[in-house]
Amino acid sequence: MGQPLPLCIIGAGSIGLRHVEVAQASPLIALTAIVEADETRRADLAAQGLPMVASLEDVPKATAAAVIATPTPAHHRNALDLIGQGLGVIVEKPLTATMAEGRAVIHAADAAGVPLVTGHHRRCHPFTIAARARLAGIGDLVGVQGLWSLRKHDRYYDPLWRRSAGAGPLMTNLSHEIDLLRFLIGDLSQVTALTSSARRGFEIEDTAALALRFENGALGSFLISDAGASPWSFEAGTYENPAIAGTGQDYLRITGTKGALEFPSLKLWRADYEGEVEWSKGLSADAGQSFARIDPIRAQMERFAALMAGKADDVLCSGADGLAAMEATLATALSAKQGQPVARGEVPPDFRGI
């Protein structure tokens, strides 16, 4: 094992401290500093023994990489500053607030020759990686059906900003699903969205129904809601988030010309006979693999450390992948606003989802 990657973390909110926890636990990472502008917050955390600094200028010169865990509006400026200093960067999703900002960050990283990763950590679960491999066994992809429905508690909406434009499940939760669908199925070429606020009655949507067209010809439908109680979501199905009750239920179903896959269980349906696969013969089920639970954020950070050391990686969400997921997410918001489909390339460069 080589030398640990000297890495700093920008932002000491809940997401930033989650990355601090991971960095401290990993032998592949050497945490050099935590940048936090708020003086009171900085002093409180310094009293706990954390290496707090006030600005990027105070980060030790040996630092080679950074995690940006600040609010989304600051991602653009933070990323450009860090890349300008020659640091490799993980930017918490979404990559930036707008397409124009995202393109500028990607251009800067390419010009500087430093790694840029978007923090879509779900890719790093072993069952997600295995799902992509298992899809090869179901023939040409035909379609995907997804259902994410978790009823957020009423107190969640006490802060006014959580009831204001841009804070609904489209812009808050959907980007996770979009990146996962891109990872498994492929690039999206068009989205159409219907939204409703009938259950909560807020300015923001509480439910959205999406129609998806993929570049490889597959189609998809996805229902996302934070008003409907159900056992179906990534978090419930995988037990990933300790704050959300687990169920172990599948929430994605993917069909192909020779079979189908349920996710996250990896239950695979396919023909156990020769010749044409058709409805009179049926399919046999294979329960598939099971995996020990891991911390996907730690897995992401350790993959990033290997990337910084020169190892190729086809799992991490690159800057370009993060921009594509953000574009599709913004496209759903734009489709709901305009009442019509939105194709790839049609999201205005300054559109923020509201």
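The values are calculated or read from the model by the stated rules, or taken from the named source; none is laboratory data. Not measured: the values here are computed from a predicted model. FYI the Cβ positions are ideal-geometry reconstructions off the backbone, even for glycines, and counts take in every protein chain you see. The protein model used for the area step is the full one, side chains on, heavy atoms only, and it has no ligands, DNA or RNA in it. Shrake-Rupley method; radii C 1.70, N 1.55, O 1.52, S 1.80 Å.
The number of residues in the range 208-237 that are under 18 Å from T128 (Cα atoms) and either over 17 Å from the mean Cα position of the chain (by Cα) or not hydroxyl-bearing (S, T, Y) (or both) comes to 5.
Residue pairs whose Cβ atoms lie under 7 Å apart, sitting 6 or more positions apart in sequence or on different chains, and linking a residue in the range 19-31 that is more than 12 Å from I297 (Cβ to Cβ) and loosely packed, with under 13 Cβ neighbours inside 10 Å to a partner that is of a type outside the set (V, I, T) and modelled with pLDDT of 95 or more, are Q24/L31; P27/P4.
Given the criterion open to solvent by less than 50 Å² (accessible area, probe 1.4 Å), over 30 Å from G113 (Cα atoms) and either in contact with a Pro (Cβ under 9 Å, 6 or more places away or on another chain) or among the small types (G, A, S) (or both), identify the matching residue among A343, A305, A325, A299. Of A343, A305, A325, A299, the one residue that is open to solvent by less than 50 Å² (accessible area, probe 1.4 Å), over 30 Å from G113 (Cα atoms) and either in contact with a Pro (Cβ under 9 Å, 6 or more places away or on another chain) or among the small types (G, A, S) (or both) is A343.
One residue stands out in the range 156-166 among those that are of a type outside the set (S, T, Y) and not in a helix (DSSP H, G or I): the one that is nearest to V315 (Cα to Cα), namely G166.
Restricted to the range 36-155, the set of strands (runs of 3 or more DSSP E) holding at least 1 residues that are open to solvent by 40 Å² or more (accessible area, probe 1.4 Å), out of contact with any Asp or Glu (no Cβ under 9 Å at 6 or more places or on another chain) and within 20 Å of M326 (Cα to Cα) comprises 141-149. As a summary of the residue check, G288 satisfies the conditions (1) open to solvent by 60 Å² or more (accessible area, probe 1.4 Å); (2) within 23 Å of A136 (Cα to Cα); (3) part of a loop (DSSP other than H, G, I, E, B) except for the one numbered (1). Return yes when I185 is hydrophobic (A, V, I, L, M, F, W, C) and closer than 19 Å to A328 by Cα and no when it is not. Answer is yes for this residue.
When the range 17-35 is filtered for residues that are small (G, A, S) and part of a loop (DSSP other than H, G, I, E, B), only S26 remains. Residue pairs whose Cβ atoms lie under 9 Å apart, sitting 6 or more positions apart in sequence or on different chains, and linking a residue in the range 233-249 that is closer than 17 Å to L174 by Cα to a partner that is in a loop (DSSP other than H, G, I, E, B) and among the acidic types (D, E), are F234/E240; G237/D250. Determine, yes or no, whether I129 is closer than 28 Å to Y251 by Cβ and in contact with a strand residue (DSSP E or B) (Cβ under 6 Å, 6 or more places away or on another chain). When the stated conditions are applied, I129 does not pass them. Here the condition is being of a type in the set (G, A, S) and under 20 Å from the mean Cα position of the chain (by Cα); of G139, G143, G168, it holds for G168 alone. A residue that is buried (at least 22 other Cβ atoms within 10 Å of the Cβ) and under 17 Å from D140 (Cβ atoms) occurs somewhere in the range 238-255. Restricted to the range 250-285, and to residues there that are aromatic (F, W, Y) and over 20 Å from F214 (Cβ atoms), the residue that is modelled with the highest pLDDT is W269.
Looking only at the range 5-23, decide whether some residue is among the β-branched types (V, I, T), under 22 Å from the mean Cα position of the chain (by Cα) and modelled with pLDDT under 95. Within the range 5-23, one or more residues are among the β-branched types (V, I, T), under 22 Å from the mean Cα position of the chain (by Cα) and modelled with pLDDT under 95.
The set of residues in the range 283-328 that are of a type in the set (V, I, T) and touching a Lys or Arg at 6+ places or on another chain (Cβ under 6 Å) contains only V315.
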